[in-house]
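Q: Let me give you the structure first, and then I'll get to my questions.
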Amino acid sequence: MSKTIPCTRMFCNGTEYEWFLENNCERGCTRFRNGRCRIFNACEMARFDNSKFPYDDLLEYAGGYGGMECKHYTNVPIQRKKRDNPIDGQMDLLEVKQ
């Protein structure tokens, strides 16, 4: 695997951007839900405004290789915290009052 360095440039062309999407977002990243995530949205906005490109969230390959990787890529399922905060006056189905 090639060494990665912090990102200092935008995507060279649309093919590099599509390769990034296929190998990071669409490959099974659990942050990419319903076709969206924060980094994907920033890359899409950067197509029209260069100042919105997420340099801090991406790594690029060193040694003259094209392509980038996402720092936040994960395939670990999202764990939702169980919230057990009863509301005042809420009925409890397990409690039987006589």
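Q: Would you please list the contacts, defined by Cβ atoms under 6 Å and residues six or more apart or on different chains, that run from a residue in the range 47-64 that is farther than 19 Å from residue 2 by Cα to a residue that is of a type in the set (Val, Ile, Thr) and surrounded by 13 or more Cβ atoms within 10 Å (Cβ to Cβ)?
A: Qualifying pairs under 6 Å: 54/39.
Q: Tell me which residues, restricted to the range 32-58, are among the aromatic types (Phe, Trp, Tyr), at pLDDT 90 or above and crowded, with 17+ Cβ neighbours inside 10 Å.
A: 40, 53
Q: Okay, next question. Looking only at the range 65-98, count every residue that is touching a residue at least 24 places away in the same chain (Cβ under 8 Å) and either closer than 17 Å to residue 28 by Cβ or not in a loop (DSSP other than H, G, I, E, B) (or both) and tell me the total.
A: The total comes to 10.
Q: Restricting attention to the range 7-35, and to residues there that are in a loop (DSSP other than H, G, I, E, B) and hydroxyl-bearing (Ser, Thr, Tyr), which single residue is farthest from the chain's Cα centre (by Cα)?
A: 8
Q: Let me ask another. Which condition from (1) loosely packed, with under 12 Cβ neighbours inside 10 Å; (2) in contact with an Asp or Glu (Cβ under 8 Å, 6 or more places away or on another chain) is the one that residue 94 breaks?
A: Among (1) loosely packed, with under 12 Cβ neighbours inside 10 Å; (2) in contact with an Asp or Glu (Cβ under 8 Å, 6 or more places away or on another chain), residue 94 violates only (2).
Q: Where residues in the range 1-31 are loosely packed, with under 13 Cβ neighbours inside 10 Å and hydrophobic (A, V, I, L, M, F, W, C), which of them is modelled with the lowest pLDDT?
A: 1
Q: Determine the pairs where a residue that is over 16 Å from residue 48 (Cα atoms) and touching a residue at least 24 places away in the same chain (Cβ under 8 Å), located within the range 1-12, has a partner that is surrounded by 10 or more Cβ atoms within 10 Å (Cβ to Cβ) and among the polar types (S, T, N, Q) with Cβ atoms under 9 Å apart, the partner being 6 or more residues away or on another chain.
A: none
Q: Here's a follow-up. Is it the case that residue 48 is under 17 Å from residue 75 (Cβ atoms) and of a type in the set (Phe, Trp, Tyr)?
A: No.
Q: Do we have any residue at all in the range 39-47 that's within 24 Å of residue 9 (Cβ to Cβ), in a strand (DSSP E or B) and touching a strand residue (DSSP E or B) at 6+ places or on another chain (Cβ under 9 Å)?
A: no
The values are calculated or read from the model by the stated rules, or taken from the named source; none is laboratory data. Not measured: the values here are computed from a predicted model. Please note: Cβ atoms are built from the backbone with ideal geometry, for glycine as well, and neighbour counts cover all protein chains shown.
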